[in-house]
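Engineer: The structure that follows is given in the form of structure tokens.
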Amino acid sequence: MRKTARKKLIALEEKQYILDAGQKDIDKVETCSDCGMILLKNSAVDESLHKAFHTRTLTVLRFPGWKKERVLREYVDGRIIMVTEYDSLSMKKKIEAIVAAIDGELSFVANSFSWNRSLAFLFVDDNRVAGLCWSQRVSSVHRVISGTHLSEQPKAFECSQETIPASCGISRIWTAPFRRRQNVATRLVDCARDQFGVSADTVAFSDPTSDGKLFAKSYSGTSSYLIY
């Protein structure tokens, strides 16, 4: 009787997998430094999918600028712009398109956001969006119990039952692959908390990914950071 080849999923990132059916090149993967997609080298199917994804993502991230920008901070390597629920429809549509493009990477359900009591921040450099922070006004949060993070389940951890008063919540924090580890996320959250007038250790994060948990821990200065 012929044996059936066993297949398994090899996790590359939290949301992207490759089906291992015994391919010789299963370990030959690469990550696009621009759009962040992970693909098998020399795979016609992956190359085709990547081309479409790459074009769509970079089109959304293209940003020639607005005539009336609310620039909060300017740096040598870019600037940070804030958009509120009271800004023009075109500005909000641009933000919504970017959020829709990155929500899959951040494990959010499509269209799971509202402009009510929210502020959006863009980090822009060279006519492209390099980072986004979506903040919300919150009233109460919980504290993560240190040492309860479960590595097998990227978003699993325990938090205290006690509710803590707070005001600044970070719903989404994202940096483009080509600008990661360049302090973009930190500068975006700095701008967000400045708008709420709070310190770094009182900023709360919503359902962070594995990378998000590391960032929350680093930014807050404690493994018992705040979540909501």
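The values are calculated or read from the model by the stated rules, or taken from the named source; none is laboratory data. What you see is a predicted model, and the numbers here were worked out from it, not measured in a lab. Because the Cβ atoms are built from the backbone with ideal geometry, glycine has one as well, and the counts that use them run over all protein chains shown. These accessible areas exclude ligands, DNA and RNA; they are computed on the full protein's heavy atoms, side chains included. Shrake-Rupley method; radii C 1.70, N 1.55, O 1.52, S 1.80 Å.
Engineer: Looking at the range 113-128, which of its residues are surrounded by fewer than 19 Cβ atoms within 10 Å (Cβ to Cβ), at pLDDT 90 or above and within 18 Å of the chain's Cα centre (by Cα)?
Structural biologist: TRP115, SER118
Engineer: Does any residue of the range 153-165 turn out to be assigned to a strand (DSSP E or B), modelled with pLDDT of 85 or more, touching a Lys or Arg at 6+ places or on another chain (Cβ under 8 Å) and among the aliphatic types (A, V, I, L, M)?
Structural biologist: The answer is yes; a qualifying residue exists.
Engineer: Here's another thing I want to ask about it. Could you grab me the full set of residues in the range 167-189 that are more than 13 Å from ASP77 (Cβ to Cβ) and part of a strand (DSSP E or B)?
Structural biologist: If the condition is that a residue be more than 13 Å from ASP77 (Cβ to Cβ) and part of a strand (DSSP E or B), then CYS168, GLY169, ILE170, SER171, ARG172, ILE173, TRP174 are the ones that fit.
Engineer: Among the residues of the range 190-207, write down those that are part of a helix (DSSP H, G or I), open to solvent by less than 30 Å² (accessible area, probe 1.4 Å) and out of contact with any Ser or Thr (no Cβ under 8 Å at 6 or more places or on another chain).
Structural biologist: CYS191
Engineer: To continue, here is another question. Looking at (1) in contact (Cβ under 8 Å) with a residue 60 or more places away in the chain; (2) surrounded by fewer than 20 Cβ atoms within 10 Å (Cβ to Cβ); (3) over 20 Å from LEU61 (Cβ atoms), can you tell me which one SER218 breaks?
Structural biologist: Of (1) in contact (Cβ under 8 Å) with a residue 60 or more places away in the chain; (2) surrounded by fewer than 20 Cβ atoms within 10 Å (Cβ to Cβ); (3) over 20 Å from LEU61 (Cβ atoms), only one is false for SER218: (1).
Engineer: Can you name the residue in the range 94-110 that is among the acidic types (Asp, Glu) and farther than 19 Å from ALA192 by Cα and is also modelled with the highest pLDDT among such residues?
Structural biologist: ASP103
Engineer: Restricting attention to the range 45-93, report how many residues are in a helix (DSSP H, G or I), over 21 Å from the mean Cα position of the chain (by Cα) and either closer than 25 Å to ALA185 by Cβ or modelled with pLDDT of 85 or more (or both).
Structural biologist: 2
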